[in-house]
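The values are calculated or read from the model by the stated rules, or taken from the named source; none is laboratory data. Since we're looking at a predicted model, the values are computed, not measured. Here the Cβ positions follow ideal geometry from the backbone for every residue, glycine too, while neighbour counts run over all protein chains shown. What goes into the accessible areas is simple: the full protein's heavy atoms, side chains included, and nothing from ligands, DNA or RNA. Shrake-Rupley method; radii C 1.70, N 1.55, O 1.52, S 1.80 Å.
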Amino acid sequence: GRFSYRSGLDAADRLLALPEMPTAISASNDEMAAATISVAHRRHIDVPGELTVTGFDDTLLATTVWPEITTIRQPISDMSHAAVDLLARSIRAHRAGGDTEFEHLTLDYSLIERESSAPPARPIPRGRIA
């Protein structure tokens with residue numbers, strides 16, 4: 001999808017129309033997860049009984065839909081500060097005539113468990129990823 005509610009509706013419609021419906025959909029953001037839940041409701045698919053739906057970002061939307069969305073909370077403020085710091089150091093190094101070394105930085109995130117996730121209600125065939 002394109003990270004929008006509309007693209008989430010389209011993607012969920014395609015996924016939930018498959019002959020073998022998925023047991024879980026992990027959306028790229030909370031908007032797309034909310035759209036997936038909407039499509040599931042329209043198709044009379046129980047979330048999370050028949051389908052786990054997760055999102056990403058932990059936006060306000062994650063707690064305004066039913067069921068509330070299990071999601072990943074990112075440290076947006078820390079990410080912003082780290083990005084500016086890395087950019088400033090890169091500019092200083094470039095101005096000083098030095099090489100700019102790229103740095104890999106990992107920041108902590110949190111899984112926020114809410115009502116949209118549960119273990120699969122039906123067995124998953126061996127050799128398949130849920």
Among the candidates R14, R2, which residue alone is outside any helix (DSSP H, G or I), more than 16 Å from S117 (Cβ to Cβ), out of contact with any Pro (no Cβ under 6 Å at 6 or more places or on another chain) and of a type outside the set (S, T, Y)?
R2
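Assess whether D58 counts as being of a type in the set (D, E, K, R), on the phi > 0 side of the Ramachandran plot and touching a strand residue (DSSP E or B) at 6+ places or on another chain (Cβ under 8 Å).
Judged against the criteria, D58 is a match.
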Pairs returned, first residue in the stretch 112-130 that is modelled with pLDDT of 75 or more, second residue that is of a type in the set (K, R) and open to solvent by 100 Å² or more (accessible area, probe 1.4 Å), beta-carbon separation under 7 angstrom, 6 or more apart or interchain, are I112/R73
Of the listed residues (I45, I91, I37), the one being touching a residue at least 40 places away in the same chain (Cβ under 8 Å) and aliphatic (A, V, I, L, M) is I37
